[in-house]
Structures are given as structure tokens and as C-alpha cells.
Amino acid sequence: MATRSLSAVGALGALVALSLSGCALTAQITTGKPYAASDGTGGTVDGVVAQNLLLITAGVGDKAALVGSFYNETAAPVSVDVTVEDGKASFTIPSKSTVSVGVAAGEQELIATSTVAPGLTSQITISVDKSASSSKPLPVLDGTLPEYKGILAELQATGS
């Protein structure tokens, strides 16, 4: 009799454990999906991956700097043209390489005059090898967040 009760308890425990773990067996795991963990926008244009792109400015009518990076996934160098507001930048990205855009030494620079207030969105157009092109909303931020305060200070100090 005691063996039968123990078997029933064991079977019930196994059934409860299986029921509770069933969700993990059939449900899509959200953390397995890639996403852009950033303040900026991203996307891919003809093998060039744009990452964490945003526009830093103090306000409407002030200088604004594009910040972010571009990665070339392809096996050949590519020419990239980027347009934001009244600013334009062109650069070549070697195969399997990254180019950073910003105001720091060694970064490509795109300076524009902002027509949009921080907290809103502007528009960015990315063209690769003068053929593939994509436009999308671009977040506009100011120096409120500590990680962007230095960029805004550098932008204002450069006089670019």
C-alpha cells in the first residue's frame, strides 16, 4: 500500500514537472531574437549594416552630428553616401570592416544644421555603391544623457 502511494506521488510529481516545463519546450524564446540594444536606429542596405545611428544637437537651428557605425558584411570594399538634414558624407568601407561616424578623432564626420528638436526624429538616407538606397527615421537627441553630453560639447567646441 505504501509503495502504491509513493508511486502515485512520484507520478504526480513527474506530471507536474513535465507540465511546468512544457512551456519552455514549445514557446519561442524571446531572448534568442537579435535586436538593436541602443538609442539609435539601424538597418542593412546592400550588405552594409548601420548600427546605433542618431543625431546629436542642442536644438533646432544648431549644429548636429551624426553618430553611429557602419559595418561592411561583403567580400569587397563599398562606397557609402549618407545624407542627414543639410549634411552629407561619403566614405569607403573595406571588406568585413567597420567605419565609425562622429566627432572624435579617427571617425568620419557628418555635421548638419538641425531642423528638428531633440526628442523627435529626422530622416537619414544611406546609399551603397550609388545603387541600393534606404531612408528611415533618425532619432534626434541632446546632451541630457551623460553618454551624449561629451559629443555635444565636442561638436560645439569644434566649430565644424
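The values are calculated or read from the model by the stated rules, or taken from the named source; none is laboratory data. Remember, it's a predicted structure, so these values are computed and weren't measured experimentally. A quick note on method: Cβ atoms are made from the backbone with ideal geometry, for glycine too, and the neighbour counts reach across all protein chains shown.
Can you tell me which of (1) under 20 Å from Gly42 (Cβ atoms); (2) in contact with a strand residue (DSSP E or B) (Cβ under 6 Å, 6 or more places away or on another chain); (3) at pLDDT below 95; (4) among the hydrophobic types (A, V, I, L, M, F, W, C) is the one Ile124 doesn't meet?
Ile124 satisfies all of (1) under 20 Å from Gly42 (Cβ atoms); (2) in contact with a strand residue (DSSP E or B) (Cβ under 6 Å, 6 or more places away or on another chain); (3) at pLDDT below 95; (4) among the hydrophobic types (A, V, I, L, M, F, W, C) except (3).
Which numbered condition in (1) in contact (Cβ under 8 Å) with a residue 40 or more places away in the chain; (2) under 19 Å from the mean Cα position of the chain (by Cα) is the only one that Thr113 fails?
Of everything listed in (1) in contact (Cβ under 8 Å) with a residue 40 or more places away in the chain; (2) under 19 Å from the mean Cα position of the chain (by Cα), Thr113 misses just condition (2).
Pick from Lys96, Lys88: which is modelled with pLDDT of 95 or more, out of contact with any Gly (no Cβ under 9 Å at 6 or more places or on another chain), charged (D, E, K, R) and farther than 30 Å from Pro118 by Cβ?
Working: Lys88 fails: farther than 30 Å from Pro118 by Cβ.
Answer to the check: Lys96.
Can you confirm whether region 4-21 contains a residue that is surrounded by fewer than 10 Cβ atoms within 10 Å (Cβ to Cβ), under 30 Å from Thr144 (Cβ atoms) and at pLDDT below 95?
For region 4-21, residues surrounded by fewer than 10 Cβ atoms within 10 Å (Cβ to Cβ), under 30 Å from Thr144 (Cβ atoms) and at pLDDT below 95: absent.
Taking the criterion of being within 17 Å of Leu141 (Cα to Cα) and in contact (Cβ under 8 Å) with a residue 40 or more places away in the chain, would at least one residue in region 73-87 satisfy it?
Yes.
When you go through Glu73, Glu154, Glu85, Glu109 one by one, which is the residue that is in the same structural domain as Asp46 (by TED's automatic domain parsing), acidic (Asp, Glu) and surrounded by fewer than 15 Cβ atoms within 10 Å (Cβ to Cβ)?
On the way: Glu154 fails: surrounded by fewer than 15 Cβ atoms within 10 Å (Cβ to Cβ); Glu85 fails: surrounded by fewer than 15 Cβ atoms within 10 Å (Cβ to Cβ); Glu109 fails: surrounded by fewer than 15 Cβ atoms within 10 Å (Cβ to Cβ).
Criteria check complete, one pass: Glu73.
Which pairs do you get when a residue that is at positive phi, found in region 51-67, comes within reach of a residue that is at pLDDT below 95 and buried (at least 16 other Cβ atoms within 10 Å of the Cβ), reach meaning Cβ atoms under 6 angstrom, with the pair 6+ apart or on two chains?
Qualifying pairs under 6 Å: Asn52/Gly40.
With respect to Thr83, is the statement that it is over 14 Å from Gly40 (Cβ atoms), at pLDDT 95 or above and within 19 Å of the chain's Cα centre (by Cα) true?
yes
Can you tell me which residue is nearest to Leu53 (Cα to Cα) among those in region 102-125 that are out of contact with any Gly (no Cβ under 8 Å at 6 or more places or on another chain), assigned to a strand (DSSP E or B) and β-branched (Val, Ile, Thr)?
Among them, the one singled out is Ile124.
Go through region 129-151 and report how many residues are within 18 Å of the chain's Cα centre (by Cα) and buried (at least 16 other Cβ atoms within 10 Å of the Cβ).
Matching residues across region 129-151 total 7.
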